[in-house]
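Heads up: the structure comes next, in structure tokens.
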Amino acid sequence: MASDQKVLEVNDLNVHYFTPRGAVIAANAVNLYVKEGEIVGLVGESGCGKTTVAMSILQMVSAPGRIVGGEIKIEGQNIVNLPEKELRKIRWRKLALIPQGAMNSLNPVIKIREQMEDGITAHEKVRGVALRDKVFKLLNDVGLPERVYNMFPHELSGGMKQRVCIAMAVALNPVIIIADEPTSALDVVVQRVVAQTLLDVKTRLGVSMIMIGHDMGLQAQMVDRVAVMYAGNLVEVGPVGSIFEHPYHPYTRLLIDAIPSTKQKKSLKVTEGLTHDLRNPPRGCCFQFRCPFVRDACREKPPAFKQMAPDHFVACVQY
Amino acid sequence: MGGLTRSYFIQRVLMFFLTIWIGVTLTFVIPRLSGSDPTTAMLLTMMNQRGYVENADKIIESYKTSFGLNDPLPIQYIRYLGHVVRFDYGFSFARFPTAAWDMVTPALPWTLILLSVAAVLSFLIGVTVGSLMGWRKTPRWLQSILPISLTFTSIPYFMFGILLISIIAFKLHWLPATGGYSRSVDPGWNLPFIKDVLLHAVLPLISIVLTSMGGWALGMRGLMIGVNNEDYFLLAQAKGLSPARVFFRYGIRNAILPALTAFALGIGSLIGGSILVEFIFAYPGTGYTLYRAIQEQDYTVIQTITNLIIIITAAGVLILDLLYPLIDPRITYKRNVAS
Ligand SMILES: Nc1ncnc2c1ncn2[C@@H]1O[C@H](COP(=O)(O)OP(=O)(O)OP(=O)(O)O)[C@@H](O)[C@H]1O
Ligand SMILES: [Mg+2]
């Protein structure tokens, strides 16, 4: 279903958070693209910079963070350093967000209807009955009853809130949706329901998506390609089948091994070693402190990406 | 659904009366705990004025009888509650034939108008300044000049008042220094009088507003910074809404809720705090009256004014409580779940 048209390109993205005790390098030379109609999964443990990459794409990195280098291209147009006014036109119409905190993404004191409508009216001239019908349709599409229209967020369950967010994100038929852990704040059953809703909407609209998560199991079922991130660096990118069949990077293997299974009883793998301080990354490979196969070459210079299979790249000196 | 439910309404109104009851009971109890006897004190004043007072004992006794101070405490208390309900506390202690209430009423409009205008102005300005200081998208130049408006916060407002009087009134002669209006105008609904009253109100108003808005600004700045990091605030920006809409609907709208509570609670302390301002500006308000009543140990007048402050504060809180479900739909919900 994916065509070869690249709707989003992230080229050499570098993002630093300038803290009083030094710059946190939260994204280091990140390269990523999303093709039309494709879902790319961005995985990695907490703090590895997934949200940072997502917010960079929206040009909304929170202070003291700043994009210090690289390009973000939406349909070929570089939007880094675009004036705020131009960005406002691109946001939501081309680039929509399903934010990380499912529970707090909606303003608690404003009705759902208004929160859904303002995103639409900021970009399109729809008013009155047409607007209301549009919102009703969006609610229906994500499986919510029409009465949600007049409710406040606190009257909805977590899953319902997240579905409102999905409905909001697709309202303007954007080019790409960035879903930052859209299901991780929900319980397992609701997670599946929301994930399914997301997939349904995606299939119907053919929209492209970046889906952030740390659950490889859920990713396996939803995405077309996976990008694995560790400590601000991408370490492996490839089609989901290829990655699960043959994970090349030791960190990718660790993530796949961490998927719980009922068939075999695994000992819970506890993190071996800690991630280094992102303020002063080591010379060489970013994974060297936790890698079971670490050797001298790893400490010298960062490994370059190598193609291992069609569309499947890994950055590791072993290959 | 949000909005006002009946049980919430009843609960709040009961709370209103309970607060007042506790408050007025304290104003009954505290003077009686102080141990000083108002009648003796008054007699001492009379003696100071006239040198010698005949039949001092008898005077004290007759005072005590006419004010009911010889009755057992429960009876006094019940009679006192009657006073509270009727808003009539009997005669002024210090200026006997005058009713206590009559000593307060002329002062009331002055204070109410001056203070409500001052309170609302300082709240509005403070909230605006604070919100702008706490908002990331505020233009740099504005960010850098806003803190200047907080310079006066650290000055106590009576000091600031004195400063204003000496510079603006005495040196520059721009505005009248003291009083509520000049002797040269006729009190009433005529233009010269109204203009005169407004001119007299400027300096007290400025001294209250400039010195108290900083508190609101600092509080609001913190609240706004908190809201800046909320997910819904980020989402509002991601939606490409206009900065003004993000600022008002998703910023101030949420950040102001705790500030409103503080505002309602602050009404009482504002009245208390205005005593000094009214004193410095010789403003004919209740603060000034209260000051004089305390000096003269005029208990009935003191009680009238303190109970008035209690009722006004409680009413402020009640009004806010009733409005709150309309501005924060979560409130009724929570209460209903709890009860
Ligand atoms: N405002 C900030 N100031 C300083 N450092 C920050 C800031 N925000 C993020 N960071 C740092 O940047 C790194 C990446 O953070 P980010 O939020 O992108 O991680 P994440 O992968 O989304 O994690 P999670 O799965 O927990 O959401 C972290 O190490 C974090 O400490
Ligand atoms: Mg994150």
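The values are calculated or read from the model by the stated rules, or taken from the named source; none is laboratory data. In this text the structure is predicted, and so the values were computed from the model without any measurement. Cβ atoms come from the backbone with ideal geometry, glycine included; neighbour counts cover every protein chain shown. For accessibility, only protein heavy atoms count, side chains too; no ligands or nucleic acids. Shrake-Rupley method; radii C 1.70, N 1.55, O 1.52, S 1.80 Å.
Structural remarks
- A:Lys85 contributes an accessible area of around 140 Å² to the protein surface, as traced by a 1.4 Å probe with all chains present.
- Accessible surface comparison of A:Met160, A:Met211, probe 1.4 Å, protein chains only, largest first: the order is A:Met160, A:Met211.
- Top positive-direction residue, dipole computed over chain A with Cβ charges, set A:Gln162, A:Val223, A:Gly241: A:Gln162
- Nonpolar atom fraction for the range B:212-339, defined as the carbon and sulfur part of the 1.4 Å probe accessible area, stands at 69 percent.
- Pairs with C-alpha atoms separated by more than 21 Å, drawn from the list A:Lys35/B:Lys239; A:Lys134/B:Lys239; A:Lys6/B:Lys239; A:Lys137/A:Lys202, are A:Lys35/B:Lys239; A:Lys6/B:Lys239.
- Among beta bridges that DSSP assigns inside the protein assembly as shown, antiparallel share in %, nearest 5: 65
- Here the convex hull built on the C-alpha positions of the range A:200-319 has a volume of 129 cubic angstrom per residue.
- Placed amide H near A:Gln288: partners under 5 Å, 5+ positions off or other chain: none
- Gyration tensor (alpha-carbon) shape descriptor, chain B, a/c threshold 1.5: oblate
- 1.4 Å probe accessible area per residue over the protein assembly as shown, in Å²: 48
- Axis of helix B:56-66 versus longest Cα principal axis of chain B: the two differ by about 50°, to the nearest ten degrees.
- The 1.4 Å probe gives accessible areas that order B:Glu278, B:Glu61, largest first, as B:Glu61, B:Glu278.
- Within the full protein context, the accessible area of B:Leu323 is estimated at about 90 Å² for a probe radius of 1.4 Å.
- Heavy-atom accessible surface of the range B:6-101: percent carbon and sulfur, 1.4 Å: 68
- Rounded to the nearest 20, the size of the Cβ-charge dipole of chain A about its Cα centre is 320 debye, with Lys and Arg at +1 and Asp and Glu at -1.
- Interface burial for B against A (accessible surface, 1.4 Å probe, total of both chains, Å², rounded to 100): 2500
- Shielded residues, the range B:231-248 - accessible-area loss of 20 Å² or more between chain alone and all protein chains, probe 1.4 Å: B:Asp231, B:Tyr232, B:Leu234, B:Leu235, B:Gln237, B:Ala238, B:Lys239, B:Gly240, B:Leu241, B:Pro243, B:Arg245
- Ranking by accessible area, most exposed first, for A:Arg93, A:Arg290 with a 1.4 Å probe: A:Arg93, A:Arg290
- Cα gyration tensor, the range B:147-285 - rounded (a/c under 1.5), prolate or oblate: prolate
- Span from the the range B:105-166 Cα centroid across to the the range A:174-248 one, whole angstrom: 52
- Expressed per residue, the C-alpha convex hull volume of the protein assembly as shown stands at 242 Å³.
- Dipole-positive endmost among B:Thr306, B:Ser269, B:Leu124 within chain B (Cβ charges, Cα centre): B:Leu124
- Accessible area (Å², 1.4 Å probe, nearest 10) - B:Phe91: 100
- Efficiency of FRET between A:Arg132 and B:Arg136 - r from beta-carbon atoms, R0 35 angstrom, step 0.05: 0.60
- Axis of helix B:253-280 versus longest Cα principal axis of chain B: the two differ by about 30°, to the nearest ten degrees.
- Tilt relative to chain A, helix A:112-121 - C-alpha long axis, 0 to 90 degrees, to 10: 80
- Rounded to the nearest 20 debye, the dipole size of chain B about its Cα centre is 1380 debye, using +1 on the Cβ of Lys and Arg and -1 on the Cβ of Asp and Glu.
- Residues losing 40 Å² or more accessible surface upon assembly, the range A:104-118, compared with the chain by itself, 1.4 Å: A:Asn104, A:Asn107, A:Pro108, A:Val109, A:Ile110, A:Glu114, A:Asp118
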